[in-house]
Structure formats: C-alpha cells, structure tokens
Amino acid sequence: MIVGVPRESFPGERRVALVPAALANLAKAGMEVVVEAGAGTEAGYPDAEYAAKGAKILPERSEIFRVADIIVQVLAHGANDKTGKADLALLRRDQILVGFLRPMGSVESITEIASSGVTSFSVELIPRTTRAQSMDALSAMATVAGYKAVLIAAETLPRFFPMLTTAAGTITPSRVLILGVGVAGLQAIATARRLGAVVSAYDLRPAVKEQVQSLGARFVELAIEAKDAQDARGYATAQDESFYRRQRELLGKVIAEHDVVITTAVVPGKKAPTLVTKEMVAGMAPGSVIVDLAAERGGNCELTHVGEKAVEHGVTIIGWLNLASSVPYHASQMYARNLTSFLALLVKEGKLQLNLKDEILRETLVTQGGEIVNPRLREFFSLPPLATQEEAKK
Ligand code: NAD
C-alpha cells in the first residue's frame with residue numbers, strides 16, 4: 001500500500017498531512033509513503049527528514065496521485081474551496097482519499113468528489129467515541145485554534161493579561177469571556193488562565209460547568225435553559241429563535257464587562273448562532289477584542305468580517321479562518337497521529353480492509369463507486385437512500 005502526501009494547496013495553508021515521525025508506524029502496518037517535494041517545509045519538516053524515515057520524495061504532484069493507493073490531505077476538495085478542485089482530475093476510481101472534506105458544506109463539492117470515483121473518508125465525521133479518540137482530527141485542530149485565539153487576543157489587546165504589581169503601579173488583570181466551551185473553548189480557557197487573565201465562560205450545555213470550574217474559570221449561568229441541550233454525540237442541539245433572542249438579551253451585560261471575548265459556538269450542519277450583536281459590540285470598552293472562531297460557519301458576532309480583522313465601535317473583531325494552520329508544526333504532528341490511527345484501521349498487513357462493520361470506517365466513508373454513500377449525509381442533503389442501503393435495511 002502506498003500512501004501519498006501531496007503538498008497542501010489552500011492559500012496560506014502551512015500544515016502537512018503526515019510528519020516524518022509517523023512513517024515508522026505506517027511501515028509496521030505495511031504502508032510505504034511518497035511525499036510531494038516541499039510538502040512539509042512550511043510546517044518545519046524538510047524533505048530530507050521524510051527521506052531519512054524511508055519516504056520517497058517526488059517532485060510532481062500528479063506523480064503522487066498516480067502512484068499512491070491512498071491520498072492523505074489536510075484540506076481536500078470541499079474543505080479547500082479555493083484550489084481543491086484541481087485535484088479531482090488527478091484522483092482515480094477506487095483510490096482512497098482521507099482528509100477534511102467539509103462534508104456538510106456543499107452538496108456540489110461532495111458530488112464532485114463522488115464523480116471522481118474515489119473512495120473518500122471525511123475526518124470531520126469521525127465519531128466522538130473512546131475508541132476513535134486518537135483519530136479525532138476536529139478535536140486536535142480545535143485545540144490548536146483555541147490556544148491560538150488567546151494569543152491573538154493578547155497580542156491585539158492594548159492591555160496586559162496578568163495582574164502586575166510594579167513600582168509603576170498595580171495593573172489589574174484582563175477579563176476574558178469564552179462563549180462556547182467545547183474543545184476549542186476549554187483550550188482557550190486554559191491558555192488565557194496561563195497568561196494570567198481572569199476568565200469566565202458560558203455554554204448552553206450545563207454539562208460543561210464542572211469542566212470550566214476545574215480550569216479555574218467562572219461559569220456564567222444565564223436564567224435560561226436550553227431544551228435537550230446536547231445530542232447523543234455530545235454536540236449542542238439547535239435551539240429556536242426565541243431561545244437565541246433571550247440568550248442575547250442576557251449575554252449583553254456579561255459581554256460589556258469583558259475586555260476579550262472569544263466565541264466558539266457552533267451547531268453541526270447549521271450556521272453559527274449569533275451571540276454578540278452590534279449593540280453588544282458598541283457596549284464594550286474601546287480597545288476590547290473579539291476573536292470569532294466560528295467565522296468559518298458565518299460567525300457568532302454580527303459584525304465579524306469573515307476572514308478579516310475589522311475595527312467596529314473601537315472594538316477589534318478578528319474573523320480569521322483556519323487558525324490551526326498558524327501553528328503548523330504541532331498541528332501537523334497531531335493530525336498525522338490522527339491519520340496514522342485511522343489508517344491502521346483501514347490497512348492491515350499491507351492490505352486494504354474496507355470493513356464497513358467497523359463503526360468508525362462506516363461513519364466516515366463519504367463516497368464510493370461514484371456515489372455519495374454516507375446515509376447521514378444523504379439525509380442531510382435530502383438525497384434519496386441508495387437502493388443497496390434500502391435492501392440492507394430489509
Ligand atoms: P463544537 O465545536 O461543536 O461547539 C463548540 C461549543 O459551542 C459546544 O460546547 C457547544 O455546546 C457550544 N454552543 C453551541 N451553540 C451555543 C449557544 N447558542 N450558546 C453557547 N454555546 C453554544 O463542540 P466540540 O468542541 O466539537 O465539542 C462538543 C462536545 O463533544 C463537547 O462536550 C466535547 O467535550 C465532546 N467531545 C467528546 C469527545 C470524545 O468523547 N471522544 C471528543 C471531542 C469532543
């Protein structure tokens with residue numbers, strides 16, 4: 001089995017799908033690796049390090065796609081909506097593709113992937129189970145983004161984060177509010193605490209209260225309760241508009257008390273809820289900072305300019321995308337670990353084992369034989385169930 005690592009082509013992307021240290025484990029499972037020249041350079045992994053671990057370096061991208069049985073990418077078509085399409089012509093029927101595909105993004109791009117005939121797996125669909133934990137790329141990248149969001153906020157804020165007692169006077173610590181306490185939010189709390197800020201956090205899932213407190217932050221309780229706040233997979237459920245309206249009314253005062261707001265609130269397959277309105281931005285002290293990690297999904301702040309930094313009412317609002325790419329060395333190391341665990345399920349003793357009885361493979365498989373085969377995605381995109389799947393149900 002040959003695993004191919006093309007250079008990431010999304011503009012500004014610095015990560016790479018596999019790092020040299022991952023190659024030994026892949027070799028044990030019977031996989032050889034071919035790497036496009038320069039694929040790891042921007043993440044801090046030169047070609048020579050891959051070669052030293054037994055990889056073959058190929059200068060042409062098309063060669064990688066031609067010789068590999070399995071292509072691994074960070075942002076594949078779908079997640080890479082700028083340059084990902086160009087790879088479709090290089091993929092061939094029954095070749096395996098593993099990467100971020102943004103499966104609930106657009107039915108067009110997933111259909112295009114299907115049309116290439118490739119057997120594709122989307123890392124976004126890896127179940128949140130104990131067995132799949134080491135493959136959970138969303139969590140790994142959310143960890144990176146949560147950390148980096150705090151550093152960006154600290155860099156932008158015209159104040160210190162920590163309390164300082166100096167001969168030139170006492171500095172009061174900055175107050176940081178985290179809205180949405182999933183993986184990114186928890187990492188943001190921990191990072192802001194390490195920098196000495198006073199941290200508060202809020203989530204509609206009351207289950208996170210203890211986690212927030214165990215990190216030394218205050219849990220903000222609003223006089224409003226979400227209905228069935230969390231689904232079986234641990235994700236927040238969508239609420240009705242009256243909930244979101246009430247939530248915004250209650251959040252306004254809390255937000256005004258903070259120097260930094262980091263928002264991470266998303267609901268799978270939906271546009272991100274608006275938690276910070278223009279009025280709330282106007283109510284913040286000048287110089288305050290909002291980092292909107294939900295920008296990719298439309299943003300949690302009404303004034304977020306997706307992909308950009310903007311100043312509104314004296315408040316800097318950062319809606320940059322793809323923050324995980326800005327810590328490329330460790331983000332790639334973590335992602336490579338996720339992929340290595342995943343590939344170990346897929347390839348045994350050098351042979352492909354497409355065992356769809358395995359929950360992890362079944363849930364992440366998106367396209368096969370020219371079709372979108374994932375039942376959850378077919379339902380999400382209102383596509384009729386496949387005849388074979390109807391048969392299987394009987
Ligand atoms: P996510 O990225 O889907 O969402 C981020 C957070 O935003 C969530 O905590 C969500 O509750 C919150 N949110 C959504 N709408 C909101 C609103 N209107 N107001 C306030 N907050 C709102 O979350 P995630 O990081 O993917 O984590 C989801 C859950 O899954 C967490 O409980 C996490 O700990 C859990 N998880 C479990 C595993 C595992 O068991 N292997 C792995 C990863 C995550």
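Only the coordinates and a few stated rules stand behind these numbers; no lab work does. The structure displayed is predicted, hence computed values, not measured ones. Backbone-built Cβ (ideal geometry, glycine too); neighbour counts: all protein chains shown.
Compared with the dominant principal axis of the Cα atoms in the chain, helix 241-256 is inclined by about 60°. Dipole magnitude for the chain: about 560 debye, using +1 per Lys or Arg Cβ and -1 per Asp or Glu Cβ, origin at the Cα centre. For the stretch 1-80, DSSP calls about 0 percent of its internal beta bridges antiparallel.
The distance linking the stretch 145-213 with the stretch 314-344 is 20 Å (Cα centroid to Cα centroid, whole angstrom).
Most simply put, the stretch 47-189 has about 25% antiparallel DSSP beta bridges, counting only bridges with both residues inside it. Charges on Cβ only, +1 for Lys and Arg, -1 for Asp and Glu, centred on the Cα centroid of the stretch 98-149; of 100, 117, 145, which one is farthest towards the dipole's positive end? The residue sitting most towards the positive pole is 145. Among 273, 206, 103, the largest mean-square fluctuation in a Gaussian network model of the chain, built with springs joining Cα atoms closer than 10 Å, belongs to 206. Over the residues of the chain, the helix contribution to mean residue ellipticity at 222 nm works out to -9000 deg cm²/dmol, using -39500 (n - 2.57) for each DSSP H run of at least 4.
Rounded to the nearest whole Hz, the Karplus-based 3J(HN,Hα) values (6.51 cos²θ - 1.76 cosθ + 1.60, θ = phi - 60°) of the stretch 205-211 follow the sequence 8, x, 4, 8, 3, 5, 5, with x at glycine and proline. The phi torsions of the stretch 66-82, fed into the Karplus equation with coefficients 6.51, -1.76 and 1.60 and a -60° offset, translate into couplings of 6, 8, 7, 7, 10, 9, 10, 9, 7, 9, 8, 3, x, 6, 9, 8, 9 Hz, rounded to whole numbers, with Gly and Pro shown as x. Length available on full extension from residue 86 to residue 279: 0.36 nm per residue minus the Cα-Cα distance, which gives 65.2 nm. To the nearest ten degrees, helix 183-194 and the longest principal axis of the Cα atoms of the chain are 50 degrees apart. Taking label positions 7 Å along the Cα-Cβ direction at both residue 48 and residue 166, the computed distance is 4.3 nm, reported to one decimal. Axis of helix 137-156 versus longest Cα principal axis of the chain: the two differ by about 40°, to the nearest ten degrees. Only Lys, Arg, Asp and Glu carry charge here, each on its Cβ (+1 for the first two, -1 for the last two); on that basis the stretch 1-139 has a dipole of about 240 debye about its Cα centre.
The mean sequence separation of alpha-carbon pairs under 8 Å and at least six residues apart, normalised by the residue count of the chain, gives a relative contact order of 18 percent. Listed values for the stretch 4-11 are Karplus-derived 3J(HN,Hα) couplings in whole Hz (6.51 cos²θ - 1.76 cosθ + 1.60, θ = phi - 60°), namely x, 10, x, 5, 5, 10, 4, x, and x replaces Gly and Pro. The distance between label points at residue 129 and residue 309 comes to 4.4 nm (points 7 Å beyond Cα on the Cα→Cβ vector).
Please figure out what share of the DSSP beta bridges in the chain is antiparallel and state it in percent, rounded to the nearest 5. Walk me through the numbers before you get to the answer.
Details: 14 of 51 bridges.
Roughly 25 percent of the DSSP beta bridges within the chain come out antiparallel.
Under 5 Å between amide hydrogens, built in the peptide plane, is the criterion, and for residue 230 it picks out 237 among residues at least 5 positions away or on other chains.
Amide H contacts of residue 373 (H built 1.01 Å from N, in plane; Pro and chain starts excluded): 367, 368 sit under 5 Å, all sequence-distant by 5 or more or on other chains.
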